[in-house]
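K.L.:
Mind looking over this structure? Questions follow.
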Amino acid sequence: MLTPEMSVDMRTYLAHVELANPITTAAGCAASGDELSQFIDLARLGAVVTRSITMAPRAGRPTPRMAETPSGMLNAVGLQGPGVDVFLESELPRLVERGARAVVSIAGGSVAEYTALARRLADAPGVAAIEVNLSCPNVEDLGRVFARDPAASAEVVASVRATMRYDVPVVAKLAPDVADIVAVARACVDGGADALAMINTPLGMSIDVDTMRPSLAAGTGGLSGPAIRPLAVRCLWQVHAALPGVPIVGMGGVLTGRDALELILAGACVVSVGTALFHDPYACLRILRELEELLKERGFERLADAVGLAHRPPGAGPRQRIDLEESSL
Amino acid sequence: MRETAVTPVQVTGTVLTTRRVDAYHALTVVAPGIAERFRPGHVVSVAVGGPHTSMPTRRVFSVHDVKPDYGGTVELVFAVRGRGTSWLAERKARDSLDLVGPLGRPYPVPRDPCACVLVGGEYGSASLFALADTLQQRGCRVDFVLGAASADRVFGALRARRMGETTTLTTEDGSLGLRGRVTDALPAVIADARADVVYACGPMAMLRGVTAVAVEFDIPVQVSVEESMACGYGVCMTCVLPVIGDDGVTRMVRSCVEGPVFRGERVRFEDIGTIPFDALGAPGGRAQEGGAHTRNVS
């Protein structure tokens, strides 16, 4: 039994990489890292997931890029970023200097571009893992998004996996608005993904009834925030049930420790915080503290014991450690 | 004129007073950490909707006044435009508000005394009074030009009359001051005051017009822009506009971090709402030649 002074072992593993705790920023929600480090010590996060890095600098989409929706927001930023050269020269070294574990998200328009990015990052010091943002249009397939096509996703993952150093895990980031997310997840794992991340933002749209035009310049945008949390839980549930041995980075509308615990119970061993960072610059550390409290209240000694726990058969008590061999650890 | 960055803080402030000012609302909040770091031109970002809000994005406002009372207060002025601002307008004394600030690049102030014209459109004039105070302390001459569509939308006319060497008011319907826009009155004010610099805060179209006038007179102009944003501290990447850098390259920069105050002639007003073809990283632009086939879609 836990005494109140005892703390919960919050360590978790992203494939074989140990993280001090399961809370990370979500890709594209922490800019370069400098902005949040005005408020929090980035070294206290499990990891910082960078914005999706592209080969060339990108100006992104025109404004308006954002529209608030009930318990959520739509965004069409269009991967604005400095390009891989500036990222390697200044952004990544600053993250490393601050003691942050950097999970580098990459985005490309073709398998070759993803591979080229992986090659550039392969020898960069301080890359804890690579997250492959598969929600990008494949220019070789009429702009169809990789994440909607299991074979295309697998091809990208396999190529990045083959290029990256063996000790840097490759995480495939999946989109929820696909016909069968388990099929895409399975294809990515077969392609060599060491872990999966879900969910990217589903596409949404809103129309301004005053101007009678779409609210976003791009028309459609990615929906994020608490509005999509049930969608995230469903995706995590299905994928964890189908692939119980694959570590999953869960995200989708996590605002509190309770939300993070919900995703963990569904099967996530790492939880990313996105939209909440726009609302509260301290969100990650607050959520971490709340999560630890909740685990302690429920008598957990280790975070790992809670991962996927909602999958236990009805009537069964909390799983014992021995039952967790097939889970993310 | 280079300003050093100020570290923002998050403060749970207590509402001290609320008041209606013509068409606008003003909210004074006890927020010591923000008040002590504040410089004219800084903005504050406010969470709206309370603890279990369905509005995840923050609202960003310029600061009208900073006072030392109760350890430091800030006064925000805003117009009700949607659910978030109407929630804010319903706040009462002693309510709590989650504030982050001070944020952004403040107005740069000249080292030596000079003549300054301060131009405000609608509630944009709110941010000019703290600036006027600082300028006058430095021995600058301050002239105001304030305007709006109608009399009830001109903010701070009385205070401008008290502070300014001259104050010119304009309304589009002629209900107060001159009939017309601030840009109609501005050339005469600049000429009469022999102005060395123009500061402006207000709607984007007004800032564009003011910049054009200042460029005609060949004097520097500092504009404070208002763009819709989700956070106010640089992470959401939604408040960008095309601005020409010192190196002559146009970049899509964030109005909350690199702004909200920009040199007017550097802002490509006519291209706001687009990605100019020559901007760094624009689709199909030179910067992407090395980048395989990346298209500007996500």
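Bear in mind that the values in this text are calculations on the coordinates, not laboratory data. Worth saying up front: this structure is predicted, and the values here are computed from it rather than measured. All Cβ positions, glycine included, derive from the backbone under ideal geometry; neighbour counts span all protein chains shown.
K.L.:
How far apart, in nm, are two points set 7 Å out from the Cα along the Cα-to-Cβ line at A:GLU18 and at B:GLU265?
P.N.:
Going by the 7 Å Cα→Cβ label model, 6.0 nm.
K.L.:
Now a separate question. In the protein assembly as shown, with Lys and Arg counted as +1 and Asp and Glu as -1 at Cβ, which of these residues, B:SER54, A:PRO226, B:HIS64, has the Cα nearest the positive end of the dipole, that is, farthest along it?
P.N.:
Comparing the listed Cα positions along the dipole, B:HIS64 ranks first.
K.L.:
Among A:LEU121, A:SER110, A:MET73, which residue has its Cα furthest toward the positive end of the charge dipole of region A:59-124, with +1 on Lys/Arg Cβ and -1 on Asp/Glu Cβ?
P.N.:
A:MET73
K.L.:
OK, next. For peptide A:65-78, what's the mean number of Cβ atoms from other chains within 10 Å of each residue's Cβ?
P.N.:
6
K.L.:
Based on Cβ point charges of +1 for Lys and Arg and -1 for Asp and Glu, what charge dipole magnitude is obtained for region B:115-224 about its Cα centre, in debye rounded to the nearest 20?
P.N.:
Computed about the Cα centre, the dipole is about 220 debye.
K.L.:
Next question, about the same structure. Below 8 Å, C-alpha to C-alpha, sequence gap of six or more: please give me the relative contact order for region A:70-129 in percent.
P.N.:
35 percent
K.L.:
Given R₀ = 35 Å, what would the calculated FRET efficiency be for B:ARG20 paired with A:ASP9, taking r from the Cβ atoms and rounding to 0.05?
P.N.:
Efficiency, from the Cβ-Cβ distance: 0.05.
K.L.:
Another question, if that's okay. Hey, got the dipole for the protein assembly as shown? About the Cα centre, +1 on K and R Cβ, -1 on D and E Cβ, debye to the nearest 20?
P.N.:
Dipole about the Cα centre, nearest 20: 680 debye.
K.L.:
At a Cα cut-off below 13 Å, give the aspartates and glutamates reachable from A:LYS296, other chains included and same-chain residues fewer than 8 away excluded.
P.N.:
Those aspartates and glutamates meeting the cut-off are A:GLU5, A:ASP9, A:ASP305.
K.L.:
As a footprinting exposure proxy, order A:ASP123, B:ASP196, A:ASP280 by other Cβ within 10 Å, with the fewest listed first.
P.N.:
The order, fewest Cβ neighbours first, is A:ASP123, B:ASP196, A:ASP280.
K.L.:
If the cut-off is 22 Å between C-alpha atoms, which lysines fall inside it for A:LYS173, apart from same-chain ones fewer than 8 positions away?
P.N.:
Filter leaves no residues.
K.L.:
Another question about this same structure. Mind giving me the FRET efficiency for A:THR220 and B:ARG194? R0 is 56 Å, r the Cβ-Cβ distance, nearest 0.05 is fine.
P.N.:
0.60
K.L.:
Mean shadow of region B:9-103, computed from the convex hull of its alpha carbons, in nm²?
P.N.:
Taking the Cα atoms of region B:9-103, their convex hull projects to 5.5 nm² on average.
K.L.:
Right, next: Restricting to Cα pairs below 8 Å that are 6+ residues apart, what does the relative contact order work out to for chain A? Please round to a whole percent.
P.N.:
Relative contact order of chain A: 20 percent.
K.L.:
Among the lysines, which fall within straight-line cross-link reach of B:LYS92, defined as a Cα-Cα distance under 25 Å, with same-chain neighbours fewer than 8 residues apart omitted?
P.N.:
Cross-link targets: B:LYS67.
K.L.:
For region A:195-244, rounded, prolate or oblate, judged on the Cα gyration tensor with a ≥ b ≥ c (square roots of eigenvalues), a/c < 1.5 rounded, else prolate if a/b > b/c?
P.N.:
Cα axes put region A:195-244 in the prolate bin.
K.L.:
Please give the net charge around B:TRP87, taking every other residue with its beta carbon less than 13 angstrom from that of B:TRP87, where Lys and Arg add +1 and Asp and Glu add -1.
P.N.:
After counting each charged neighbour, the total is +2.
K.L.:
Next question. Quick check: Cα centre of region B:40-92 to Cα centre of region B:241-263, how many Å?
P.N.:
Measuring centre to centre over Cα atoms gives 25 Å.
K.L.:
Right, next: Between B:THR166 and A:GLU293, with labels modelled 7 Å along Cα→Cβ, what's the label distance in nm to one decimal, could you check?
P.N.:
6.1 nm
K.L.:
Given bins 20 angstrom wide, list per bin the percent of all Cα-Cα distances in chain A, short to long.
P.N.:
Binned Cα distances yield the sequence 34, 59, 7, 0.
K.L.:
Along the Cα-to-Cβ line of A:ALA122, 7 Å from the Cα, sits a label point; which residues in region A:153-178 have backbone N less than 11 Å from it?
P.N.:
Under 11 Å, as judged by backbone N against the label point of A:ALA122, lie A:160-166 of region A:153-178.
K.L.:
Using Cβ contacts closer than 10 Å as the measure, can you line up A:LEU196, B:LEU169 from fewest to most?
P.N.:
In increasing order of surrounding Cβ atoms, one gets B:LEU169, A:LEU196.
K.L.:
What ranking do A:LYS296, B:LYS67, B:LYS92, A:LYS173 get, fewest neighbouring Cβ atoms within 10 angstrom at the top?
P.N.:
B:LYS92, B:LYS67, A:LYS296, A:LYS173
K.L.:
If the only charges are +1 at each Lys and Arg Cβ and -1 at each Asp and Glu Cβ, what is the size of the charge dipole of region B:9-103 around the Cα centre, to the nearest 20 debye?
P.N.:
For region B:9-103, the charge dipole is close to 200 debye.
K.L.:
How far apart, in nanometres, would the label points at A:ARG234 and A:ASP85 be if each is projected 7 angstrom from Cα along the Cα-to-Cβ direction?
P.N.:
4.5 nm
K.L.:
Something else: Test of understanding: extend the Cα→C-beta vector of B:HIS52 to 7 Å, then name every residue of region A:247-288 with backbone N under 16 Å from that spot.
P.N.:
So the set is A:255-259.
K.L.:
If you take the square roots of the eigenvalues of the alpha-carbon gyration tensor of chain B and sort them as a ≥ b ≥ c, do you get rounded (a/c under 1.5), prolate (a/b over b/c) or oblate?
P.N.:
oblate
K.L.:
Can you give the convex hull volume per residue for the Cα atoms of region A:118-191, as a whole number of Å³?
P.N.:
86 Å³
K.L.:
Another question, then. Which of rounded, prolate, oblate describes region B:213-281, given a ≥ b ≥ c as roots of the alpha-carbon gyration tensor eigenvalues and a/c under 1.5 marking rounded, otherwise prolate only if a/b is larger than b/c?
P.N.:
It is oblate, given that a/c is not under 1.5 and a/b is not larger than b/c.
K.L.:
Between A:PHE278, A:GLN38, A:ASN138, whose Cα lies farthest towards the positive end of the dipole of chain A when Lys and Arg beta carbons carry +1 and Asp and Glu beta carbons carry -1, centred on the Cα centre?
P.N.:
Sorting the options by dipole projection puts first A:ASN138.
K.L.:
Provide the FRET efficiency to the nearest 0.05 for the B:THR12-B:GLN137 pair, computing r from the beta carbons and using R0 = 30 Å.
P.N.:
That pair, B:THR12 with B:GLN137, gives E of 0.45.
K.L.:
Another one. Within the P(r) computed for the protein assembly as shown, what percentage of the Cα pairs occupies the region above 42 Å?
P.N.:
27 percent
K.L.:
List the residues whose amide H sits under 5 Å from the amide H of A:ALA102, counting only those 5 or more places along or on another chain, with H placed 1.01 Å from N in the peptide plane.
P.N.:
Those qualifying (amide H under 5 Å, at least 5 residues apart or on another chain) are A:VAL48, A:ALA128.
K.L.:
If you average the sequence gap of Cα pairs under 8 Å that are 6 or more apart and divide by the length of chain B, what percent do you get for the contact order?
P.N.:
15 percent
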